[in-house]
Amino acid sequence: MTLHDNTRAEGIASEVRQTKPGAISPSETAIAKYAGRDLQSNRGIPLNLDWVNAVRVNTSAVERRAQSLVTRRTVKKEWQAAWLLRAITCMDLTTLSGDDTDERVLRLCAKARQPLQQEIVQKLDIESLQIKVAAVCVYHAFVETARRGVEGSGIHVAAVSTGFPAGLSPLAERVAEIRRSVEAGADEIDVVITRAHVFGGKWQLLYDEIAMFKNACGPAHLKVILGTGDLLTLRNVARASLVAMMAGADFIKTSTGKEAVNATLPVSLVMTRAIREYAQETGMAAGFKPAGGIRTAKQSLEWLALVKEELGNSWLNAELFRFGVSGMLADIERQLEHHATGRYSADYRHPIA
């Protein structure tokens, strides 16, 4: 992506940094730090088309950089175990199947509260860490069930919304669905954008749509699913990422998990660099959520390494980084059991729900 003179965004950033006498200082409300600068939660900015249209992406360079993460960055032994535990705490443990039931969702919530078998926890001597996942992610119909299942745990309930996964239902229905999920107890809403707005370069329409979703969320956090596997080019991914953040997205998310191609490292690199550029220009931090196709412990380490290198340690927590996963937890549990005992167990010993 190119650098540019974005005076409008800088003006907003200046306003963000100013405080009135007696007000809480920015450092007290900061959720991240980048290059020595305190960053606030994203509140959005007016749509800046000059910024969006100036975006360029060198695809071959992005692919080389993404490949280097796989070949250069490895962690072993207790450091690997620590990173895998961090991965668990950043999970949105998800069930989005057509045959979901209340019983399955409650089992998922039980696994979210205690993601590791007690025997493994004791062998690793990590009882005091009280490891649990960040959120459970379900359809609207199961929000109240999930709310009961995680009650008192501090685990959030996320609901997929806005005509998930296609996002093609009438706009009024999508907005109403968000409001219903928030009223039912959802802490976070994962929305799907209208991909056609991206294909047509209709950035104002995309911005207005996401801003409307943000308004409907009220106190709930907004996670905007770009459907990157459908967006055709990395340039489209970068532009859609910026527009989503300008419209107030708390997180930008790669995929629904239902596309033919879901989260990939090149796409994730482009999105994290868009987050970094937005933070540099505005003084506000948006989160990142890769989802779909992330199934192994090794993959979790690759995404954690990417986030650490591109955004820094401030993003390595559930407030700014999430995995959208269903099966990956079982593999992480197997790897941690191997670290504790020296033996690998069978997959069936680590059911999710």
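Tallying residues that are over 30 Å from Ala141 (Cα atoms), open to solvent by 30 Å² or more (accessible area, probe 1.4 Å), hydroxyl-bearing (Ser, Thr, Tyr) and not in a loop (DSSP other than H, G, I, E, B) within the stretch 68-104 yields 1. Here the condition is being within 23 Å of Gly293 (Cβ to Cβ), among the hydroxyl-bearing types (Ser, Thr, Tyr) and out of contact with any Cys (no Cβ under 6 Å at 6 or more places or on another chain); of Thr145, Thr94, Thr162, Thr101, it holds for Thr162 alone. Which one is surrounded by the fewest Cβ atoms within 10 Å (Cβ to Cβ) among residues in the stretch 269-290 that are over 12 Å from Gln40 (Cβ atoms) and aliphatic (A, V, I, L, M)? Top of the filtered list is Leu269. The listed residues are Ile178, Ile210, Ile189, and the only one of them that is in contact with a strand residue (DSSP E or B) (Cβ under 8 Å, 6 or more places away or on another chain) and more than 26 Å from Ala112 (Cα to Cα) turns out to be Ile210.
Going by the conditions given, is Asp38 open to solvent by less than 100 Å² (accessible area, probe 1.4 Å), at pLDDT 65 or above, among the charged types (D, E, K, R) and out of contact with any strand residue (DSSP E or B) (no Cβ under 7 Å at 6 or more places or on another chain)? Yes: the conditions hold for Asp38.
In summary, Arg295 fulfils each of the numbered conditions (1) in contact with a strand residue (DSSP E or B) (Cβ under 8 Å, 6 or more places away or on another chain); (2) modelled with pLDDT of 95 or more with the single exception of condition (2). Counting only residues that are of a type in the set (D, E, K, R) and at negative phi, which one in the stretch 113-147 is nearest to the chain's Cα centre (by Cα)? Per the criteria, the residue is Lys132. Scanning the stretch 324-353 for residues that are part of a helix (DSSP H, G or I) and of a type in the set (Lys, Arg) yields Arg334, Arg349.
Residues of the stretch 230-254 that are polar (S, T, N, Q) and out of contact with any helix residue (DSSP H, G or I) (no Cβ under 6 Å at 6 or more places or on another chain): Thr233 alone. Would it be correct to say that Gly167 is at positive phi and under 22 Å from the mean Cα position of the chain (by Cα)? So Gly167 fits the description; yes.
When Ile126, Ile131, Ile45 are screened for being over 26 Å from Arg334 (Cβ atoms) and open to solvent by less than 50 Å² (accessible area, probe 1.4 Å), only Ile45 passes. What about Asn262, is it in contact (Cβ under 8 Å) with a residue 12 or more places away in the chain, outside any loop (DSSP other than H, G, I, E, B) and open to solvent by 10 Å² or more (accessible area, probe 1.4 Å)? Judged against the criteria, Asn262 is not a match.
Among the residues of the stretch 309-347, the ones that are more than 20 Å from the chain's Cα centre (by Cα), within 25 Å of Asn262 (Cβ to Cβ) and open to solvent by 50 Å² or more (accessible area, probe 1.4 Å) come to 1 in all. Would you check if there is a residue in the stretch 143-159 being open to solvent by 60 Å² or more (accessible area, probe 1.4 Å) and touching a helix residue (DSSP H, G or I) at 6+ places or on another chain (Cβ under 6 Å)? Yes, because at least one residue in the stretch 143-159 is open to solvent by 60 Å² or more (accessible area, probe 1.4 Å) and touching a helix residue (DSSP H, G or I) at 6+ places or on another chain (Cβ under 6 Å). Being assigned to a helix (DSSP H, G or I) and in contact with a strand residue (DSSP E or B) (Cβ under 8 Å, 6 or more places away or on another chain) is the filter; apply it to the stretch 305-323 and report the residue that is nearest to Thr71 (Cα to Cα). Only one residue tops the list, namely Val307. Filter the stretch 54-66 for residues that are of a type outside the set (Val, Ile, Thr) and in contact (Cβ under 8 Å) with a residue 12 or more places away in the chain; which is least open to solvent (accessible area, probe 1.4 Å)? Among residues in the stretch 54-66 that are of a type outside the set (Val, Ile, Thr) and in contact (Cβ under 8 Å) with a residue 12 or more places away in the chain, the one least open to solvent (accessible area, probe 1.4 Å) is Ala66.
Here Ala249 meets the list (1) part of a loop (DSSP other than H, G, I, E, B); (2) closer than 23 Å to Ala112 by Cα; (3) modelled with pLDDT of 95 or more almost entirely, failing just condition (2).
As a summary of the residue check, Leu304 satisfies the conditions (1) in contact (Cβ under 8 Å) with a residue 40 or more places away in the chain; (2) aliphatic (A, V, I, L, M); (3) open to solvent by 20 Å² or more (accessible area, probe 1.4 Å) except for the one numbered (3).
The values are calculated or read from the model by the stated rules, or taken from the named source; none is laboratory data. None of the values given here were measured: they were computed from a predicted structure. All Cβ positions, even for glycine, are placed from backbone atoms using ideal geometry, and neighbour counts span all protein chains on display. Side chains included, ligands, DNA and RNA excluded: accessible areas come from the protein's heavy atoms. Shrake-Rupley method; radii C 1.70, N 1.55, O 1.52, S 1.80 Å.
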